[in-house]
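Trainee: Before anything else, here's the structure in question.
The values are calculated or read from the model by the stated rules, or taken from the named source; none is laboratory data. Fair warning: this is a prediction, and the values are worked out from it, not measured in the lab. Cβ atoms come from the backbone with ideal geometry, glycine included; neighbour counts cover every protein chain shown. The accessibility values were calculated without ligands, DNA or RNA, using every heavy atom of the protein model including side chains. Shrake-Rupley method; radii C 1.70, N 1.55, O 1.52, S 1.80 Å.
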Amino acid sequence: MKRLEDYWADRNPVALTLYPLSLLYCGLALLNRLRLEWRARMRPRLPVRAVVVVGNVTVGGTGKTPMVVWLCNWLREHGYRPGVVSRGYGGRSRTWPREVTPRSDPAQVGDEPVLIATRGGCPVCVGPDRNRAAHLLLAQHDCDVIVTDDGLQHYALRRDLEIVMVDGERRFGNGFCLPAGPLREPLERVREADYVVVTGGEAQSGEYAMRLVSQVAMSVRDPGRTRPLSDFVGQRVHAMAGIGHPPRFFAMLRERGLEVVEHAFPDHHVYGNCDIRFGDGSPVLMTEKDAVKCRGIAGPEHWFVPVSAVPDQALALAILRSVQAVDRIHSMR
């Protein structure tokens, strides 16, 4: 049975039937944006050198989390003290905002924030109200740049720079807003961003490319145990992914020569023992995002494959110059 997103690639009869609803969705999204931006202008600016938003205009995975991790490391290399705020999507905590550490429970604070806290090496605070999360971050840590994960549509938080991530294969689908297409906002929104970054495909005019690379597999139970991915070449492996776009993970493993049995789960899926055990003794490879939720139930056969973002050098230098320029402007006020 087809899912709704299966009709988002082109302008088929189902998508055209839903198009009036997408117009309503776009209108409501615009009204909500205007309301939140007005509220944001009434608030004082956060006392930091820059606020950088990483987000997308489509539903599904586009490489936002690897970009956030890379950006935090890049800024720290150049003398900044970044911190991250995120929604904490999927977290069931009754107390917001709250800080996230590598030891936090993903069921309480969300899987992506735990991953960012682990790989980004910087403070992370989460909560539905990102302004409150940002204030908690600044109250507890000496941060001078705030990076917001998946924050493009959260207009209540004032921002200085916007980075829009795009899946290079799926791009913008049929160009319709939800529910007729994959867009969270009209396509014109992309042109407002400072940087458009494409993963997994060719960058077009005005865009920058970013590669996602992986070299090793790490034990879910004991990340100190590693194996090169080449160890699994020619083997039959179970590959599981509960991310925005699981086929990207499966394709990456096949490109490395692995024989993959696919197990796709919904984004932010909560795993149980029956989800990750397949009874045939074959290795099980998963994404790093899934691994943070499987640490307590994994066996010796479970491995995760961390990916690292490698953006164009021109993009890296341009972002750094933009942050420095924003810093200079604010320092003169």
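Trainee: Which net charge results for the neighbourhood of residue 5, defined as the other residues with beta-carbon distances under 15 angstrom from its beta-carbon, given Lys and Arg at +1 and Asp and Glu at -1? Kindly include the intermediate steps, with their values, before the conclusion.
Mentor: On the way: positive: 2, 3, 11, 170, 171, 184, 248; negative: 6, 10, 167, 169, 267.
Result for the local shell: +2.
Trainee: Calculate, axis by axis, the spread of Cα positions in region 163-298 along the three principal axes, and write the results as whole Å, longest axis first.
Mentor: Sorted largest first, the three principal extents are 49, 29, 25 Å.
Trainee: Can you figure out the FRET efficiency of residue 21 with residue 188, using R₀ = 25 Å and their beta-carbon distance, to the nearest 0.05? Before the final figure, lay out each step's value.
Mentor: On the way: r = 19 Å, r/R0 = 0.77.
Here the calculated transfer efficiency is 0.85.
Trainee: Nearest 5 is fine: what % of DSSP beta bridges in the chain come out antiparallel, could you say? Please report the intermediate quantities before stating the final value.
Mentor: Values: 13 of 51 bridges.
Percentage antiparallel, nearest 5: 25.
Trainee: Projected onto the charge dipole of the chain (+1 at Lys/Arg Cβ, -1 at Asp/Glu Cβ, origin at the Cα centre), which of 232, 322, 50 gives the Cα projection farthest towards the positive end?
Mentor: Of 232, 322, 50, it is 50.
Trainee: In whole angstrom, note down how far apart the Cα centers of region 222-244 and region 114-152 are.
Mentor: 30
Trainee: Over the chain, average the accessible area per residue using a 1.4 Å probe and give it in Å², no decimals. Kindly include the intermediate steps, with their values, before the conclusion.
Mentor: Values: 15500 Å² over 333 residues.
Ligands and nucleic acids excluded, the figure is 47 Å² per residue.
Trainee: Write down the percent of antiparallel bridges among all DSSP beta bridges whose residues are both part of region 215-325, to the nearest 5.
Mentor: If I count the DSSP bridges inside region 215-325, around 30 percent turn out antiparallel.
Trainee: Using the membrane-span-like helix rule (whole DSSP H runs, Cα extent along the own axis of at least 24 Å, mean Kyte-Doolittle hydropathy at least -1.0), which helices of the chain qualify? Write down the numbers at each step before the final one.
Mentor: Values: long enough: 13-42 (44 Å, 0.61); 313-331 (27 Å, 0.62).
The answer, listed by residue number, is 13-42, 313-331.
Trainee: Next question, about the same structure. Roughly speaking, to the nearest percent, how much of region 167-304's 1.4 Å accessible area is carbon and sulfur?
Mentor: Working: 3140 of 6220 Å².
Roughly 51 percent of what the probe reaches on region 167-304 is carbon or sulfur.
Trainee: Continuing with the same structure: If we count every other residue with Cβ under 10 angstrom of residue 131's Cβ, Lys/Arg +1 and Asp/Glu -1, where does the sum land? Present the calculation step by step, with values, prior to reporting the outcome.
Mentor: Values: positive: 39, 43, 130, 132, 158; negative: 129.
Its environment carries a net charge of +4.
Trainee: Please give the peptides 114-124, 41-51, 174-184, 299-309 ranked by average Cβ packing (other Cβ atoms within 10 Å per residue), highest first, as a rough proxy for protection. Write out the running numbers ahead of the final one.
Mentor: Values: 114-124: 23.6, 41-51: 14.7, 174-184: 21.8, 299-309: 19.9.
So the order, starting with the most tightly packed, is 114-124, 174-184, 299-309, 41-51.
Trainee: How large is the charge dipole for the chain, taken about the Cα centre, if only the Cβ atoms of Lys, Arg (+1) and Asp, Glu (-1) carry charge, to the nearest 20 debye? Don't skip to the end; give the middle numbers.
Mentor: Values: 43 positive and 37 negative charges, 213 e Å.
Once rounded to the nearest 20, the dipole reads 1020 debye.
Trainee: Follow-up. Please give me the summed charge of the neighbours of residue 248: other residues whose Cβ is under 9 Å from its Cβ, Lys and Arg +1, Asp and Glu -1.
Mentor: Numbers: positive: none; negative: 167, 169.
Summing Lys and Arg as +1 and Asp and Glu as -1 gives -2.
Trainee: Could you work out the relative contact order of region 115-229? I mean the mean sequence separation of Cα pairs under 8 Å and 6+ apart, divided by the number of residues, in percent.
Mentor: With pairs under 8 Å counted, the relative contact order is 15 percent.
Trainee: Each residue of region 293-305 in turn: what ³J(HN,Hα) in whole Hz from Karplus with 6.51, -1.76, 1.60 and θ = phi - 60°, glycine and Pro shown as x?
Mentor: Running phi through 6.51 cos²θ - 1.76 cosθ + 1.60 with θ = phi - 60° gives 8, 10, 4, x, 10, 7, x, x, 8, 9, 10, 10, 10 Hz.
Trainee: For the chain, what ratio Rg/Rh do Cα atoms give with a Kirkwood hydrodynamic radius? Don't skip to the end; give the middle numbers.
Mentor: On the way: Rg = 20.0 Å, Rh = 20.8 Å.
Result for the chain is an Rg/Rh of 0.96.
Trainee: Another question about this same structure. Taking all protein chains in place and a 1.4 Å probe, what share, in percent, of the accessible surface of region 6-121 do carbon and sulfur account for? Spell out each step's value before the answer.
Mentor: Values: 3360 of 5770 Å².
Exposed carbon and sulfur together represent 58 percent of the surface.
Trainee: With +1 on each Lys and Arg Cβ and -1 on each Asp and Glu Cβ, and nothing else charged, work out how big the dipole of region 38-98 is about its Cα centre, in Debye to the nearest 20.
Mentor: With only Lys, Arg, Asp and Glu charged at Cβ, the dipole is about 400 debye.
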